[in-house]
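Data block below; observations after.
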Amino acid sequence: MELRIDVQLPLSELERELDALNRRLNQPGDILYDLPCIDINFPDLAFRYREADGEHYIYVEDLKRRCLAGYTVFNRLIELNRRQDKHLRATHSKYAPAYQRRGIASVIYRWWLDAGNCLISGARQSVGAHALWHSLNKHYDLIYVDLRDKTLSYLGNEISGQIREDLHTRMVMFGKNRDLVGFAEDTGMTLP
């Protein structure tokens, strides 16, 4: 189950971004200051939550080191129509190297999926994001879809390498208590 993997971020750019966000999170008067925490239990980390314009942001603070470990955003996609937008978010995560491969993004994605929300992959993924999706697929159903002209078409649970490489091919992961038929009804996705 490969998908296009070609996202790489320069480390210096990531560090600058996380430092800037951390300053904002600790600057009285900034919109990011004193955000509420969501109930995710992970030693020495606080998960601060913000929703803006239908997008959901989770900033992960290292309480001991007093720095921002990284963040995950559940984004809206302009490729989706209004009906699909109600049920799907694409994830984007950025974490400093010291916080990668520790299960932080995984607990955030699980928090989202356990609430019954669904995810859709972007056109491309990083190696880490790709591995995370396949790890979560052990507990949550994953399908492939074609997203074209704001229309979702079901492709199946397994697809050929050629179809997988098409930029219109996306993965969808179902949240808790969601299934293929209900998802198709909710989003207008065409089934064979």
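Couple of notes before you dig in:
- Contact annotation: residue pairs with Cβ atoms under 7 Å, 6 or more positions apart or on different chains, pairing a residue in segment 132-157 that is within 18 Å of Leu113 (Cβ to Cβ) with a partner that is assigned to a strand (DSSP E or B) and polar (S, T, N, Q), are Tyr144/Thr169; Val145/Ser153.
- In segment 75-91, residue farthest from Gly188 (Cα to Cα) [restricted to those that are outside any strand (DSSP E or B) and open to solvent by less than 20 Å² (accessible area, probe 1.4 Å)]: Leu80
- Among residues of segment 92-127, those that are in a strand (DSSP E or B) and either more than 22 Å from Cys67 (Cα to Cα) or small (Gly, Ala, Ser) (or both), counted: 5
- Restricting segment 1-14 to residues that are surrounded by fewer than 13 Cβ atoms within 10 Å (Cβ to Cβ) and within 21 Å of the chain's Cα centre (by Cα), the residue that is modelled with the highest pLDDT: Glu13
- On the stretch given as segment 26-66, residues that are open to solvent by less than 80 Å² (accessible area, probe 1.4 Å), hydrophobic (A, V, I, L, M, F, W, C) and either more than 28 Å from Ile78 (Cα to Cα) or in a strand (DSSP E or B) (or both) total 9.
- Any hit, segment 152-171, residues being modelled with pLDDT of 90 or more, assigned to a helix (DSSP H, G or I) and within 23 Å of Ile104 (Cα to Cα): no
- Conditions (1) open to solvent by less than 20 Å² (accessible area, probe 1.4 Å); (2) more than 17 Å from the chain's Cα centre (by Cα); number of the one not met by Gly175: (2)
- Listed by first and then second residue, the pairs linking a residue in segment 181-192 that is within 9 Å of Tyr154 (Cβ to Cβ) and assigned to a helix (DSSP H, G or I) to a residue that is open to solvent by less than 20 Å² (accessible area, probe 1.4 Å) and among the acidic types (Asp, Glu), with Cβ atoms under 6 Å apart and 6 or more places separating them unless they lie on different chains, form an empty list.
- Checked against the criterion of being within 24 Å of Asn41 (Cβ to Cβ) and either of a type in the set (A, V, I, L, M) or open to solvent by 10 Å² or more (accessible area, probe 1.4 Å) (or both), the candidates Leu147, Leu136, Leu180, Leu155 yield just one match: Leu136.
- Residues of segment 103-131 classified as modelled with pLDDT of 95 or more and of a type in the set (D, E, K, R), total: 2
- When restricted to residues that are in contact with a Gly (Cβ under 8 Å, 6 or more places away or on another chain) and within 12 Å of Leu25 (Cβ to Cβ), segment 60-76 contains 1.
The values are calculated or read from the model by the stated rules, or taken from the named source; none is laboratory data. Everything quoted here is computed from the prediction, not taken from an experiment. Note: ideal-geometry Cβ built from the backbone for every residue, glycine included; neighbour counts use all protein chains shown. With ligands, DNA and RNA removed, areas are computed over all heavy atoms of the protein, side chains included. Shrake-Rupley method; radii C 1.70, N 1.55, O 1.52, S 1.80 Å.
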